[in-house]
1. Rounded to the nearest 0.05, what FRET efficiency is calculated for Ala351 and Glu445 with R0 set to 41 Å and r the Cβ-Cβ distance?
2. Between Tyr327 and Ile589, how high is the FRET efficiency from 1/(1 + (r/R0)^6) when r is the Cβ-Cβ distance and R₀ = 30 Å? Nearest 0.05.
3. Just to verify a number: FRET efficiency for Thr485 and Leu431, C-beta to C-beta distance, R0 = 22 Å, to 0.05?
4. Which chymotrypsin sites (Phe, Trp or Tyr not before Pro) does the stretch 268-362 hold that lie in a coil by DSSP with at most 12 other beta carbons within 10 Å?
5. Provide Arg466, Arg370, Arg657 ordered by accessible surface of protein heavy atoms (probe 1.4 Å), highest first.
6. To the nearest 20 debye, what charge dipole does the stretch 441-499 have about its Cα centre, counting +1 at the Cβ of each Lys and Arg and -1 at the Cβ of each Asp and Glu?
7. May I ask you to compute the full-extension gain from Phe305 to Asp206, defined as 0.36 nm times their residue separation minus their alpha-carbon distance, rounded to one decimal in nm?
8. Figure the gain on full extension for Glu598 and Leu372 (residue separation times 0.36 nm, minus the Cα-Cα span) and round it to one decimal in nm.
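The values are calculated or read from the model by the stated rules, or taken from the named source; none is laboratory data. Since the structure is predicted, the reported quantities are computational estimates derived from the model, not experimental observations. Every residue, glycine among them, receives a Cβ derived from its backbone with ideal geometry; neighbour counts consider all protein chains shown. Accessible surface areas use protein heavy atoms only, side chains included; no ligands, DNA or RNA. Shrake-Rupley method; radii C 1.70, N 1.55, O 1.52, S 1.80 Å.
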Amino acid sequence: MRDLQLTQVAGTRKSPPAMISSGGEDADDMKEDVRLLDSYESLGDNDNSHRIVIEEDGFKRIQVRVTGMTCAACSNSVESALKSVDGVFRASVALLQNKADVVFDPALVKDDDIKNAIEDAGFEAEILSEPIKLKTKPNGTLLGQFTIGGMTCAACVNSVEGILRDLPGVKRAVVALATSLGEVEYDPIVISKDDIVNAIEDAGFDASLVQSSQHDKIVLGVAGIFSEVDVQLLEGILSMLKGVRQFRYHWISSELEVLFDPEVLGSRSLVDGVEGGSNGKFKLHPINPYSRMTSKDVGETSVMFRLFLSSLFLSIPIFFMRVICPYVPLLSSLLLWRCGPFQMGDWLKWALVSVVQFVIGKRFYVAAGRALRNGSTNMDVLVALGTSASYFYSVCALLYGAVTGFQSPTYFETSSMLITFVLLGKYLECLAKGKTSDAIKKLVELAPATALLVVKDKGGRCIGEREIDSLLIQPSDTLKVLPGTKVPADGVVVWGSSYINESMVTGESVPVLKEVSSSVIGGTMNLHGALHIKATKVGSDAVLSQIISLVETAQMSKAPIQKFADYVASIFVPIVVGLSLVTFFSWYISGILGAYPEEWLPKNGTYFVFSLMFSISVVVIACPCALGLATPTAVMVATGVGANNGVLIKGGEALERAQKIKYVIFDKTGTLTQGKASVTDAKVFTGMGRGEFLRWVASAEVIFCLSNVSLHVFACDDYDMCAYTAYQSLVMAWCPI
């Protein structure tokens with residue numbers, strides 16, 4: 001049992017006729033106002049006394065308790081039955097909560113019709129009573145970030161972007177080849193995250209949600225699961241937790257994906273509930289989405305490297321059999337030994353190349369088929385076309401020779417070496433793409449991994465401290481920040497005073513005094529005193545997260561020149577295939593007409609084979625990958641280097657316009673200078689030796705700094721010199737000048 005899925009969330013949605021036929025303001029207002037999020041459970045004690053009803057612009061939403069569902073297939077049956085009712089706009093079923101959430105047009109469907117549809121499907125239904133109002137957000141769109149695997153060139157990017165933009169409810173979609181990420185702004189009323197993932201996967205690409213502005217999904221690493229019994233225990237614990245909608249456990253990675261209701265259950269409460277319910281057997285820790293992306297990049301690079309080595313290992317013997325072995329008598333006689341209808345060398349080359357062509361090179365056929373199915377072409381189409389022509393011609397030549405006795409030359413090594421070199425290029429491409437994301441990794445590392453949570457009783461008195469993961473911090477948490485540690489979250493000081501270095505955000509090197517009611521920024525360094533802060537902004541609302549989001553948006557933006565390059569790449573492959581056919585017929589017809597001598601032909605060769613080799617050469621050397629990767633890679637490197645140096649660049653268009661800049665105005669402190677004093681020279685004007693002088697200086701500085709006499713910025717800078725000066729004094733003691 002590799003994956004365990006307890007609940008299946010509703011899949012595709014049906015748009016009402018009014019929304020399809022009307023493109024005016026009424027339909028847009030309805031989309032913005034009506035929030036069809038998944039079921040909101042009440043925090044009350046009696047679940048049976050709650051009902052959610054929304055009546056806006058003619059639509060109504062109710063919750064129905066469904067009894068008798070035992071698995072995901074049952075929930076799918078209920079959803080199908082509800083969606084088949086004329087007038088139902090959206091229906092989703094939560095297996096764990098035994099509830100169905102239905103949005104429908106009351107002019108066409110009554111509450112009893114919903115109930116009867118569920119009962120006709122073989123389940124018991126009860127419409128929940130006591131209407132309550134559901135709060136909706138003023139902005140009806142959500143922003144989701146998805147990883148997209150399988151993209152190889154700009155044509156793939158154009159294909160995915162076209163698919164996403166054609167989905168109903170998607171307002172904006174941007175896909176970046178260099179990071180394999182897609183950013184989608186969508187209306188949750190019309191389409192869900194699962195629908196977007198399914199649309200990408202239906203197009204032949206791999207897709208998964210990284211993060212969303214809805215904050216309803218968390219990925220946890222789980223320790224302590226060793227058997228299916230442990231999985232069943234985890235299933236039982238999660239089933240008892242209120243607010244859990246869906247979860248999936250991955251055996252290989254030991255990761256648990258949980259979809260929950262943030263209005264009912266917090267991420268820390270979820271972790272505490274699982275660990276407490278298992279009596280400490282399971283240990284859970286949240287996984288940063290950027291860390292998951294980094295591990296995927298590393299995994300993709302290692303896979304590509306293994307494929308390249310395997311192809312190289314099999315291609316070298318083929319190359320030697322073609323080039324070296326004919327000049328070694330013993331090896332030549334062994335390869336010419338006839339074994340059945342073919343020579344031993346032909347058998348060996350056929351077997352080795354078949355492994356390279358169809359096992360190692362399978363990814364090219366899969367990607368080419370995916371592109372052709374979507375009505376586009378890419379680099380994989382060229383590779384599959386060129387190598388297949390060489391391979392199948394060689395196979396036909398062997399079979400023709402076995403039947404007629406005429407030995408035509410084969411070109412198995414052409415196929416294997418081409419795949420080997422293309423895989424080498426893919427490996428180098430993965431390395432380049434991995435380096436472009438270094439800026440994001442360094443920004444993520446600015447935030448501390450853990451935080452000290454101040455535990456309070458019901459009266460608000462501090463009764464202890466607890467170390468938690470910084471990803472589990474929730475608004476209104478009271479956190480303790482020790483001297484020399486980073487502030488774990490944006491917040492307000494409620495106790496203590498200290499100087500904090502905010503240069504990573506403001507660029508000002510002078511530490512800022514923070515007292516009660518002062519605001520602090522997550523990721524900044526607390527220099528001296530201890531602080532208690534109240535967290536106000538966490539997750540994507542924090543300043544550091546917004547900086548990371550800004551850098552990501554800049555890296556995903558397309559410069560005007562890149563848009564032109566993408567257009568060229570979209571028509572590049574058909575043009576190359578056309579040129580390849582022109583090349584073939586030109587050489588073939590010229591040969592038949594005697595335009596070039598027969599001496600040009602290889603031994604036992606024909607005009608067809610001679611022309612085919614030129615045609616294959618045109619196909620395989622024409623690679624649009626560089627055309628599609630050059631500009632986004634340059635944009636990513638530029639924005640990454642800028643972010644590391646405190647300069648935030650808005651994207652490729654800003655970089656392209658930067659060539660017209662004539663004057664630059666700098667704020668000197670912290671930009672042209674480091675804003676930090678340092679010792680440059682040490683001169684002794686008395687009879688004291690330099691070594692003895694440095695020993696005295698080091699002793700005075702250590703005592704001065706450790707006693708924390710002064711908080712002046714120069715005193716802090718002297719503190720950084722203490723270790724170096726003390727080291728110098730020890731050296732001088734052994735080697736006096």
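1. With R0 = 41 Å, the Cβ-Cβ based efficiency is 0.25.
2. 0.25
3. Once rounded, the FRET efficiency stands at 0.05.
4. Of the chymotrypsin sites (Phe, Trp or Tyr not before Pro), the ones in loops of the stretch 268-362 whose Cβ has at most 12 other Cβ atoms within 10 Å are Trp337.
5. Listed by decreasing accessible area, they come as Arg657, Arg466, Arg370.
6. With Lys and Arg at +1 and Asp and Glu at -1, about 60 debye.
7. 33.6 nm
8. 77.5 nm
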